[in-house]
Amino acid sequence: MKTHIHSWVLVPLLAVCWAPFAEAQMKAKDIRVEAWWKHAVFYEVYPRSFSDSNGDGIGDLNGITSKLDYLKDLGVDAIWMTPCFPSPQVDFGYDVSDYLTIDPMYGTLEDFDRLVSEARKRDIRVILDFVVNHTSDQHAWFLDSKSSRSAAHRDWYIWRDGRGPDQPPNNWLSTFGSPGWKYDPATKQYYYHYFYPEQPDLNWRNPDVEKAMFDVTRFWYHRGVAGFRLDAVDTLFEDPKLRDNPPLPGKDKFGRPKQEEKYNKKLPEVHQALQRLRKVADEYDAVLIGETWTKDVKQLEEYYGNNGNELQLPMDLRLTELPLSAKVFREHIKAVDAARGWPTYVISNHDIRRPYTRYGDGVHNDDIAKMMAAFYLTLRGTPVMYYGEEIGMENNDPKRKEDVKDPIGVLGWPEEKGRDGERTPMQWNSEPNAGFSTGKPWLPVPESAKTYNVEAESNDPRSILSFYKQVIHLRKTEPALLDGAYTPLNESDANVIAYLRKSKDGTILVVLNFSASQQNPSFDLIKQGFASAKVKGLLRNAATVPDGTLRSVKLDAYGAYIGRVSD
Ligand code: NOJ
Ligand code: CA
């Protein structure tokens, strides 16, 4: 495996800031120094829903700071916070009206600084969300841009004449259900928006836009941010000729004829811009995580850059779209593991139905949640968890249209219910509102919060939370789980995924039953260098090894087994 000498050992200022990390890593790895983000567990916090410190029903930065000990205990090394900047909240923060401060609803810059410094005391880094493609229509840049055709910021957005009276410049659609163009009667032109009309697309072909946006990252790097998660990177550029997208058969979930997003998505210019953004990040030893939706591993590979000069961690979001099938997952992981670049695995986020609900069969949901933890936290790569996954939070979808907060849920009801269900408050205890807030939470907590919560699960060694803590602990204490090569076993098994993680420090076996029926896979590890393999169990759920000789592993429905192999 490639070793990586990371730049922060060369940057004195940063080396001082993060000296404890440097020392620990130097000790653990002799002369090798791995990039910290390769071995980190990332945890996505949705600030509105994590912890409300002032009782207004909306989570805030001080709430997050108050939960850092919990995150430390869980084994989290870095938190990615979704946008907490000033915003009209049309898209709950993804419509930023000022990139350079904190929205009062979440706190102040001082609260932010305190969060970063308290996190640092616990060796936790803070990653911010950078909404690169668009601003809010209330951002000062857009207000000026809209004010007249000759305004200084006019060309910071994408303004065009219509094709004719009441006809937009072309057929592009907003992914959020409306046309892609909005007419401005004052200046008699249309502006382009891939998301809500309140989220006008920036014109990344204008160098002033790029400079201003790169300066935004510098501002936060100077405040101690360790990197960014980049929002919607594939929408950064549009075809300058504004060619119509080709039609596709069928209708989308908003009832519109489908089209291939050929001219407004994934343009090659995206990669050049990411390379330049990466150069700025490298000045600060920062990590860039990508919201990278890809149809296959080839597309994912492109985001690493030809020389590793784009994103260090493009998220494998394709993983979240796969059905719970041993065959499908095995093939996908094999391809991602073989691709260039370090894998970044994700099973959920604030836009995707929670895995507890998505994979759950109504009978074995807890076992499935544990099996998935044993899976993506033991693969070769960096995991990005989503808050609440570790306690088995379910999707709590709105029951009535009038309760929906996410505008796409209003527009697409009932087929598209929006994303409220996966954004409900973190469940801390069995008190009212799951201990999230003393006020009325902005989204309701489900009944299941009475038993699926941090407090109750902390006291139960068999809980999903206890299982997560143990898997994360194993990741940190078994070197093979960090650096070891990934070797799939029994590749024709239709129900069980099994693999070794093997390094010079040892070999770990992972066996996972992706089915609801009992499985008894057997193993022959002669080819892997074990003439008479024995196994010592490290962690298991619904699984046993009869005599410790590793002839077979008995797994009940969705059982998971992790053991250390020796001769
Ligand atoms: C992706 C974000 O994750 C999502 O929540 C948001 O609505 C869109 N990008 C637009 O910013
Ligand atoms: Ca764009």
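The values are calculated or read from the model by the stated rules, or taken from the named source; none is laboratory data. Given the structure is predicted, the values throughout are model-derived calculations rather than measurements. Note that each Cβ is placed from the backbone with ideal geometry, even for glycine, and that neighbours are counted across all protein chains shown. Heads up: the accessible areas ignore ligands, DNA and RNA and are worked out on the full protein's heavy atoms, side chains in. Shrake-Rupley method; radii C 1.70, N 1.55, O 1.52, S 1.80 Å.
What to note about this one:
- Hits in the range 237-246 (condition: touching a residue at least 60 places away in the same chain (Cβ under 8 Å) and open to solvent by 30 Å² or more (accessible area, probe 1.4 Å)): ARG243, ASP244
- Tally, over the range 306-340, of residues that are within 20 Å of TRP36 (Cα to Cα), at pLDDT 95 or above and not hydrophobic (A, V, I, L, M, F, W, C): 7
- Of the helices (runs of 4 or more DSSP H) lying entirely inside the range 448-514, those containing at least 3 residues that are closer than 20 Å to VAL384 by Cα and touching a residue at least 60 places away in the same chain (Cβ under 8 Å) are 464-477, 479-483.
- Residue in the range 342-365 that is under 14 Å from the mean Cα position of the chain (by Cα) and open to solvent by 20 Å² or more (accessible area, probe 1.4 Å) present: yes
- Selection of the range 116-152 for residues being assigned to a helix (DSSP H, G or I), away from ligand 2 (no atom under 16 Å from the Cβ) and touching a strand residue (DSSP E or B) at 6+ places or on another chain (Cβ under 7 Å) yields VAL116, ALA119, LYS146.
- Of all the criteria given as (1) more than 14 Å from ligand 1 (Cβ to nearest atom); (2) modelled with pLDDT of 95 or more; (3) of a type outside the set (A, V, I, L, M), the one not satisfied by GLY255 is (2).
- Exactly one residue out of ALA281, ALA286, ALA273 is of a type in the set (Gly, Ala, Ser), within 16 Å of ligand 2 (Cβ to nearest atom) and either crowded, with 18+ Cβ neighbours inside 10 Å or on the phi > 0 side of the Ramachandran plot (or both): that is ALA273.
- Set GLU310, GLU301: member being open to solvent by 20 Å² or more (accessible area, probe 1.4 Å) and of a type in the set (Asp, Glu): GLU301
- Residue list for the range 140-160, restricted to those being among the small types (Gly, Ala, Ser) and crowded, with 20+ Cβ neighbours inside 10 Å: SER145
- Just one of the listed residues (PHE254, PHE219) is surrounded by fewer than 17 Cβ atoms within 10 Å (Cβ to Cβ), farther than 20 Å from LYS279 by Cβ, more than 16 Å from ligand 2 (Cβ to nearest atom) and touching a residue at least 60 places away in the same chain (Cβ under 8 Å), namely PHE254.
- All positions within the range 192-203 that are within 11 Å of ligand 2 (Cβ to nearest atom) and over 24 Å from the mean Cα position of the chain (by Cα): TYR192, ASN203
- Of the numbered criteria (1) assigned to a loop (DSSP other than H, G, I, E, B); (2) within 15 Å of ligand 2 (Cβ to nearest atom); (3) more than 30 Å from VAL116 (Cβ to Cβ); (4) not small (Gly, Ala, Ser), the one TRP293 fails is (3).
- The set of residues in the range 148-174 being farther than 23 Å from ALA232 by Cα, free of Cβ contacts under 8 Å to residues at least 24 places away in the same chain and either of a type in the set (Ser, Thr, Tyr) or in contact with a Pro (Cβ under 8 Å, 6 or more places away or on another chain) (or both) consists of SER150, ARG163, PRO168.
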